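A.B. asks: Could you have a look at this structure, given as structure tokens, before my questions?
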Amino acid sequence: MELDRVTFYGENSFAFNTDCEALKKRFKFLKDLSYEKLTLEDVLELDQISRYLPIILQDKIRLKADLSAIKSRIGKWFSSVPTSTVSSGIKDSKFSRQYQKSLWHLLASQKAPNLEIRDILKLYSGTKVVYPLQEQVIRARYGRDLTTIVMQDLRNIGLVLNPKLYDAELPEEFNQHQIETFLLNYIGSEAPNPNMLERVATSRSVNDSIRLKAQKKYQEIIVNVLKEEKANSLGIGTKVSINFTLDTLHLYKLHAEIEDNVNFANVEYNGLVLNELIDWPTILNNFIYIFGFIDNFGILTISSQVEDDGSLERAFRYESGSILNTGTSFQLKNQQALLSFVSYYRFLANRGIQLERVVEWFFSDYLASNFNVNGLSVNLPKGEEAPEIKALLAMTQLHRIVRMFDLLALDKDFDRGLVDNYSHTKNDFRDIGSSFKRKYGKIIDPDLLRCEGTLFSDQSPMPSKKERYFADLVLKENIKRSELDEYQSKLLDFLLEQKVLICADEIIRFRSFEVYQILKYDFKNDCIPVMEMHLQFKKHPILDDLFQKGKVRGITRLLTDREASVFNYYFSDFYANGLGLRNKYAHGAFNSFSEEKHQNNYMLTLMFMVMLIIKINAELDGMDRIGTNG
């Protein structure tokens, strides 16, 4: 009788199906199979099953014997098969990407005299090179080969910038010169990802010249494609699609088009690339590195910034604490995020992957294996429920996530029974706690607030024909004091007095890049990403000094105020112009909603779940690396 194959991340894996008897039968089937009939996937499946045996077998003597038998069987298979057998298994269209990590771990640990690893590496062009890079033995022995593979494909930009996010390391041969050559090639390529350009521009591990080139390229893309004049015109829109005809070097194509007198920002994501990136951890990473749900300092890009809208729209805006600004920029950001999410959701569904299962896996398995956070779970629709039931269930699970993390932030070892018996659910997303003390900062000193407005506002009295903001002029152009008007010189004196800028040999410069980042982020996002600055800059004496002097106030929350405001707009009753979806579904006030509306609300809620996952993962990872107090 043919038995279903077991994969670690598979929808019917042991992570979600505790049918131990079925797993035992599969194990017996593979253990009794002759060596001639064993395929590469069979061997890797045995390796996966060995992870589950300690859970399903209570007999320790038998367990030890079975684990020893599996190890022996795997070792004998790898020591006897030719390279062509392994290569054929990898090239098989049915070969599961979930086995890649196990494969390279076994290749690194086995004595396999018949295997030509260099020939196998040739099958790992493009982004798949991340798998062999996860093994130290492979990196040490085949560093030159791996360096060549990485350099040949610009899609490896995320890997080059931060290999730890992929649980990998670059080989020693991939030195600083190689990194800078790769980055220059990427910046000069036809369609670089603006999110990646921004990461290069703010990276402290590359020289100033490359950072400046990246920043200029980033601004060129934004100006050419999403010009402010179009973003503030009456006829605007967003189109999102997944295209299988794009060159594989490009993650997406971004261009403007006009249709029926409507200006569209058209984003086409590369389906060929996405096809290669469908293991579950990478699916979640795709929302960061391809779909750009979060910026390089850990802030959700869907949240508004001070000057997102044009000056005319801002002039006529009605400002009120009870009404959220939902102007043109807000609509475009939310529109593009949701369209991207829905497109990717359908893309995955067509490949038999339910994103709901990935979300469940994050809480039940990923948190346990990566951060030792056990006992958390969510339960999402299986796909056959009515649209209104799916939306209702998703709404309850979104707030379950809020409850779980809020309790986790207070005490990692909290009684898990509180999740289902904890009656109070915070209606204001700003109140979700954080385990990281002073995760964000907010400038409260009037003089520093005046400095950041002078440097970063498009309404500043320090105008420039070259740059929109005076800060960028200072950063890029080596501007001289003598080039300023008299009234501008007085403002400059104030900036010098506050030790934000310095003036040496007539040239105006920032006191340090840290000062630039602190003031820029506080002005643009109304907060300073303290935790991310800890991670990226290690030491930040200026920020520490501002905290000590009381010029910056610490904020211990999962979300920034502006991130929370978007969540509140959709799900709480915090804003008079908000949608208040949580209460509408909780109190049955949705009878007038069409089936399509329910489906849209379901997609919207699922998208915000993914955003919470991104924020939660970033915080737990940051805490792992630097501790709760930095």
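A.B. asks: How large is the accessible surface per residue of region 409-568, computed with a 1.4 Å probe and reported in Å² as a whole number?
C.D. replies: 48 Å²
A.B. asks: Just order 372-382, 481-491 by mean Cβ neighbour count inside 10 Å, highest at the front, would you?
C.D. replies: 372-382, 481-491
A.B. asks: Using a 7 Å offset from the Cα along the Cα-to-Cβ direction at both residue 486 and residue 239, what is the distance between the two label points in nm, to one decimal?
C.D. replies: 5.6 nm
The values are calculated or read from the model by the stated rules, or taken from the named source; none is laboratory data. None of the values given here were measured: they were computed from a predicted structure. Every residue, glycine as well, gets a Cβ built from its backbone with ideal geometry; the counts of neighbours run over all protein chains shown. Side chains are part of the model used for accessible areas, which takes the heavy atoms of the whole protein and leaves out ligands, DNA and RNA. Shrake-Rupley method; radii C 1.70, N 1.55, O 1.52, S 1.80 Å.
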